[in-house]
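Notes follow once the structure below has been shown.
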Amino acid sequence: PSSDMLAIQCLVYLISIFTNVYGQTMLGLLVGDTCKGSGGTAWKCEYLKNCPQIGDFRSNRPAICTFQGIDPIICCPPARAQRNQDDRALVSNGNAAKSCKILGEIKCQRRPGGRRRIIRERMSRAIIVAGGEDAPPRIYTYMVLIGYGNADTKTWNCGGSLLSEKWVLSAAHCSSLGSLGPARWARVG
């Protein structure tokens with residue numbers, strides 16, 4: 001046998017040992033070919049270095065399409081779709097449009113000496129959420145609503161982060177809110 005043939009046999013032998021040791025499947029597909037991922041979904045053969053969504057190669061053990069030299073080409077799941085901000089509903093209740101109008105009414109007046117003074121129209125404290133999503137209860141266990149008033153009339157006007165069973169980190173102004181008085185309540189999650 002020629003030395004080239006012997007090298008190929010050794011390579012095939014090493015590849016078969018590699019796949020047997022790690023329990024991975026050799027698919028015999030090329031870069032760009034479609035392969036079947038978990039649940040029979042269509043994945044794509046990619047270089048391992050171009051497939052960050054596979055995570056840890058050793059623990060996840062993806063199917064191997066083939067090798068390019070010593071680089072494995074694996075059956076790679078599709079990248080998680082990134083939500084495009086432009087595709088989301090930006091205004092859910094009309095408050096955002098109203099706020100844009102109010103913010104557009106910021107006026108600039110000239111003062112003696114050429115300096116400018118900005119006059120801001122009073123803006124209501126309406127809750128404005130643009131493109132948000134409702135979160136299921138208790139999913140963000142480190143988030144805290146901070147409440148004011150007595151048990152019958154409490155309102156939730158600030159937020160913070162839970163540091164321990166006893167401590168919440170929030171903005172300094174949340175410790176007391178004018179006529180509402182000091183913070184008295186905390187709602188976690």
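Since every read-out is calculated from the coordinates, none of them should be taken as a lab result. Here the structure is a predicted model, which means the values were calculated and not measured. In this analysis, Cβ positions are derived from the backbone assuming ideal geometry, glycine residues included, and neighbour counts consider all displayed protein chains.
Label point of Asn60 set 7 angstrom out along Cα-Cβ; within segment 26-40, amide nitrogens under 17 Å from it belong to 32, 35-40. Net charge near Leu30: determine it from the other residues with C-beta under 15 Å of the C-beta of Leu30, scoring Lys and Arg +1 and Asp and Glu -1. Taking every other residue near Leu30 into account, the sum is -2.
Please compute the net charge surrounding Val188, taking Lys and Arg as +1 and Asp and Glu as -1 over other residues with Cβ under 13 Å from its Cβ.
So the surrounding residues net to +2.
Entry note, segment 135-189: relative contact order of 44 percent, from Cα contacts under 8 Å with a spacing of 6+ residues. With both labels modelled 7 Å from their Cα along Cα-to-Cβ, the Ser170 to Met143 distance reads 1.5 nm. With a cut-off of 12 Å between beta carbons, the residues surrounding Cys75 carry a summed charge of +1, where Lys and Arg count +1 and Asp and Glu -1.
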